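Undergrad: My questions all concern the structure below.
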Amino acid sequence: MAIATDFNPGSSPAQSLLECVALAARQCGFTAEECLLAVTWNAAKALGLEATVGHLNPGAWGDAVAWECETLEELPYWMPAVRPDQVFVRGADLAFPTLERRVWP
């Protein structure tokens, strides 16, 4: 199972992947592990991109997010309120400001 937005104003107005994960956990009973797998490996596999994305193995792009939560179980239940601490794109840290200086809308 993969989780995605499929944003379409006519039939699927959900724009936020985080919101879709929260719905999968709350309404469909997905565990935190199932949610993480559904937006990473399973989503990449569904698109035929599992060789380069959806995991953090050698040869993959190295895209990842470190979230400001204590346990994995918190992630789908606090979304979209949980914010990223670090974001890596192709292995490079985007170097967000420290939490004390961070300003969120």
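The values are calculated or read from the model by the stated rules, or taken from the named source; none is laboratory data. Values in this document were obtained by computation on a predicted structure and should not be read as measured data. All Cβ positions, even for glycine, are placed from backbone atoms using ideal geometry, and neighbour counts span all protein chains on display. Surface areas here come from the heavy atoms of the whole protein model, side chains and all, with no ligands, DNA or RNA. Shrake-Rupley method; radii C 1.70, N 1.55, O 1.52, S 1.80 Å.
Undergrad: Give me the pairs: first residue in the stretch 18-41 and free of Cβ contacts under 8 Å to residues at least 24 places away in the same chain, second residue of a type in the set (Val, Ile, Thr), beta-carbon distance under 7 Å, and six or more apart or on different chains, which are they?
TA: Note: pairs meeting the criteria are 20/3; 20/5.
Undergrad: I'd like the full set of residues that are closer than 18 Å to residue 74 by Cβ and among the charged types (D, E, K, R), limited to the stretch 1-28.
TA: Once the filter is applied, which keeps residues that are closer than 18 Å to residue 74 by Cβ and among the charged types (D, E, K, R), the stretch 1-28 yields 19, 26.
Quick grid of which residues meet (1) β-branched (Val, Ile, Thr); (2) at pLDDT 85 or above:
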| residue | (1), (2) |
| --- | --- |
| 22 | no, yes |
| 35 | no, yes |
| 40 | yes, yes |
| 63 | no, yes |
| 69 | no, no |
| 72 | no, yes |
| 80 | no, no |
| 85 | no, no |
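Undergrad: Right, residue 98: surrounded by fewer than 15 Cβ atoms within 10 Å (Cβ to Cβ), at pLDDT below 85 and of a type in the set (Ser, Thr, Tyr) or not? Let's see the steps before the verdict.
TA: On the way: surrounded by fewer than 15 Cβ atoms within 10 Å (Cβ to Cβ): yes; at pLDDT below 85: yes; of a type in the set (Ser, Thr, Tyr): yes.
So residue 98 fits the description; yes.
Undergrad: Conditions: (1) open to solvent by 50 Å² or more (accessible area, probe 1.4 Å); (2) more than 16 Å from the chain's Cα centre (by Cα). Residue 60 meets all but one. Number of the miss?
TA: It is condition (1) that residue 60 fails.
Undergrad: Restricting to the stretch 1-23, and then to whatever is in contact with a helix residue (DSSP H, G or I) (Cβ under 7 Å, 6 or more places away or on another chain) and over 17 Å from residue 65 (Cβ atoms), can you tell me which residue is least open to solvent (accessible area, probe 1.4 Å)? First the steps, then the outcome.
TA: Step one: of the stretch 1-23, the residues in contact with a helix residue (DSSP H, G or I) (Cβ under 7 Å, 6 or more places away or on another chain) are 1-5, 14, 17, 21-22.
Among the residues that remain, those that are also over 17 Å from residue 65 (Cβ atoms) are: 1-2, 14.
Working: 1: 155, 2: 49, 14: 25 Å².
My answer is 14.
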